[in-house]
1. Which condition number does B:M258 fail, the rest of (1) assigned to a loop (DSSP other than H, G, I, E, B); (2) open to solvent by 20 Å² or more (accessible area, probe 1.4 Å); (3) of a type outside the set (S, T, Y) being met?
2. Which residue pairs have Cβ atoms closer than 7 Å, lie 6 or more positions apart in sequence or on different chains, and pair a first residue in region B:273-287 that is more than 7 Å from chain A (Cβ to nearest Cβ) with a second residue that is outside any helix (DSSP H, G or I) and surrounded by 14 or more Cβ atoms within 10 Å (Cβ to Cβ)?
3. Going by the conditions given, is A:V76 within 19 Å of A:G207 (Cα to Cα) and either open to solvent by 10 Å² or more (accessible area, probe 1.4 Å) or aromatic (F, W, Y) (or both)?
4. Give just the number: which of (1) away from every other protein chain (no Cβ under 14 Å); (2) open to solvent by less than 20 Å² (accessible area, probe 1.4 Å); (3) modelled with pLDDT of 85 or more does A:L149 not satisfy?
5. Of (1) touching a residue at least 40 places away in the same chain (Cβ under 8 Å); (2) loosely packed, with under 14 Cβ neighbours inside 10 Å, B:G192 satisfies all except one. Which?
6. Filter region A:107-149 for residues that are touching a strand residue (DSSP E or B) at 6+ places or on another chain (Cβ under 8 Å) and in a loop (DSSP other than H, G, I, E, B); which is farthest from A:L80 (Cα to Cα)?
7. Return the pair list, or none, for Cβ contacts closer than 8 Å from residues in region A:68-93 that are at negative phi to residues that are of a type in the set (S, T, Y) and open to solvent by 20 Å² or more (accessible area, probe 1.4 Å), at least 6 apart or on different chains.
8. Please go through region B:91-105 and give me each residue that is among the polar types (S, T, N, Q) and not in a helix (DSSP H, G or I), ordered by number.
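The values are calculated or read from the model by the stated rules, or taken from the named source; none is laboratory data. It should be emphasised that the depicted structure is a prediction, and the values quoted were computed from it without experimental measurement. Cβ placement follows ideal geometry from the backbone for every residue including glycine, while neighbour counts extend to all protein chains displayed. Just the protein is used for accessible areas: all its heavy atoms, side chains included, with ligands, DNA and RNA removed. Shrake-Rupley method; radii C 1.70, N 1.55, O 1.52, S 1.80 Å.
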Amino acid sequence: MVKRALPYYAPALLLTVLVLFLSGGLAPGLLDPFNLSRLLASALPMVFLAAGQTLVVLSGGIDLSLGSLLTFTLVVMVVLFDGVAVGVGLLAGLVAGLIGGAINGVAVAYLRLQPLVATFATGFLFGGLALWVLPRPGGTVPPGLRELLDPPWAPLIPYLLLLGVWVYLRRRPWGVLLYATGGQAGAAYANGVPVARVRVLSYMGAGLLAAFGALFLLVETGTGDPLVGQPMLLGSITAVVLGGTRLSGGTGGLEGSILGALLLVLFRNLVFFLGVPSDLQVLAEGLVVLLALATSGYVLRRGA
Amino acid sequence: MILFLCALLLVIQGLAQPGFLTLSQVANLMKIAAVLGILAIGQTLVILSGNEGVDLSVGAVATFGAVLVYNLTRGQDDRFLLALALSLAVGFILGCLNGGLVVYSRLPPLVATLGVGTLVQGLIVWLGGRERGAVPPLLVEAVSGTWAFGLPGILFIWAVLALGVALLLHRTYYGKALYALGSNRRAAFLSGVRLERYLVLTYALSGFFSALGGVVLLGHVQLMHLTLGQAYTLPTVVAVVAGGTLLTGGVGSYWGTMAGALLITLLQSVLLTLRIEEFGRQVAFGLILLGFLAVYGREKGFR
């Protein structure tokens, strides 16, 4: 066996460590255990959303409805928390995520609509439904749930679970089929891969992960908002690209996207800590995201 | 088919709201369609260029174009032309940025333009956050004032632009190159079309027309706010798709987009008349886009 190449997420890992130390140097308080734990907790929604996006991208698609789907599951949860019970709300939210994902999957895999535009369209479906369920911001999260991530070690658990499930599933037949479908769908089909079913499953997985993202967002903010998820869409795609997963499908993985999402949150914190005026923050963030996208696209294509 | 749908919607509208089919009402509707139609010019070009080309920065660039005119003229007519030129130039440059990211960084157009859109939104918040300025009367007069036959100026602007775009698409080398790029990029390249140059130019033109559309929109609503054009981004895509332009590129025309813009405006008006709220309108939009995709844009199966 020849020398093993670096893992695909090596650049992302390097960059994350670099930015972490840079942040630590500029704002020393940032790296103490308490702040680090808060940082990890606040990154969770984006991490799970990016993880969902990664599944779809690996299967050769893209999901532009994921932000709206997160919003939709979030408002479903909040409304049921207030009116019915926490357990019911949680379950309904996760089921809503699965159903939304299934709709996307069927549109892409069985109706054979282009993923880009089909999910763009379903995004408006989910966004509209979210506005129907909860027309204006409101609702409360029960205290038991709000304190879920309060212990300093607690935010680590979702990360470990996500990574564990991913590492387990990737080696199972399902993971192999996922990579095969994304790598070259035609060849996979000819070799007996149930391409359509794999695609539907990847969209459903994305919906489920988006629902978990919604849950962590609720824990973080404590209230519902019918427009909260849509702006997170670009971040989820950026995280995937930063993490080394190629948007053409078939190569990459969740590890990289988790790092990519952490990077985004670290950048945001850094911009905040550096005291950039508030009306410039959107601009600074946009600039960083665009720069990251542009260069990673460039470097990765050259390298691969 | 699309004209048939338009007629159907007109009838529904007429039934739901008696006395709707007067000249002034129809002219009003045409005005709204014209704004959308002008904003969809760039989108048509980009989608024609193929390879999942789409410009999601249209709304943000339009708003930015409007902000520039608003802040630079401060309501004075003599500065209008200069401000307009600057705004169009900035739109062109932002379009070049889109094109550069797509061509040289090889980002999917959707991601690149979404990113540029975010950046531009940042610029808008930064520059336009301090509200100071006004809409020059000249612009209002040009867009909303009556020119001839009792019709507002915006309709004539739209007609002239439509003719220009049709000439550009069907009578110039650029137009031929664009259709060639869209239908088969590799074949176009092998036939000597300079891919990179024409792709960047296409996105640049999209930025240019978006900024122009934003200025026209400013003259239409006569108010400035920081999300002036954002709501138009999705409808421009729907208008182009509904107009029969294939998302895979290479097939379609601006005439189709114009019909699509009319269709969407009518649809919105019907939904409003039927008192359907925001969520219903979003859901309806999503479903209609899916429907059109199913009719026009299905991918090939494996068998």
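1. (1)
2. Listed by first residue and then by second, the contacts come to B:T273/B:Q17.
3. On the way: within 19 Å of A:G207 (Cα to Cα): yes; either open to solvent by 10 Å² or more (accessible area, probe 1.4 Å) or aromatic (F, W, Y) (or both): yes.
For A:V76, the condition - within 19 Å of A:G207 (Cα to Cα) and either open to solvent by 10 Å² or more (accessible area, probe 1.4 Å) or aromatic (F, W, Y) (or both) - is met.
4. Going through the list (1) away from every other protein chain (no Cβ under 14 Å); (2) open to solvent by less than 20 Å² (accessible area, probe 1.4 Å); (3) modelled with pLDDT of 85 or more, A:L149 breaks only (3).
5. Checking B:G192 against (1) touching a residue at least 40 places away in the same chain (Cβ under 8 Å); (2) loosely packed, with under 14 Cβ neighbours inside 10 Å, the one that fails is (1).
6. From region A:107-149, those touching a strand residue (DSSP E or B) at 6+ places or on another chain (Cβ under 8 Å) are A:134, A:137-139; that's our starting set.
If we keep only those that are in a loop (DSSP other than H, G, I, E, B) too, we end up with A:134, A:137, A:139.
Working: A:L134: 11, A:P137: 15, A:G139: 9 Å.
Among those that are touching a strand residue (DSSP E or B) at 6+ places or on another chain (Cβ under 8 Å) and in a loop (DSSP other than H, G, I, E, B), it is A:P137.
7. Correct list of pairs: A:V78/A:T140; A:V78/A:T223; A:F81/A:T140; A:D82/A:T140.
8. So the first thing to find is which residues in region B:91-105 are among the polar types (S, T, N, Q), and the list is B:98, B:105.
The answer is B:S105, and nothing else.
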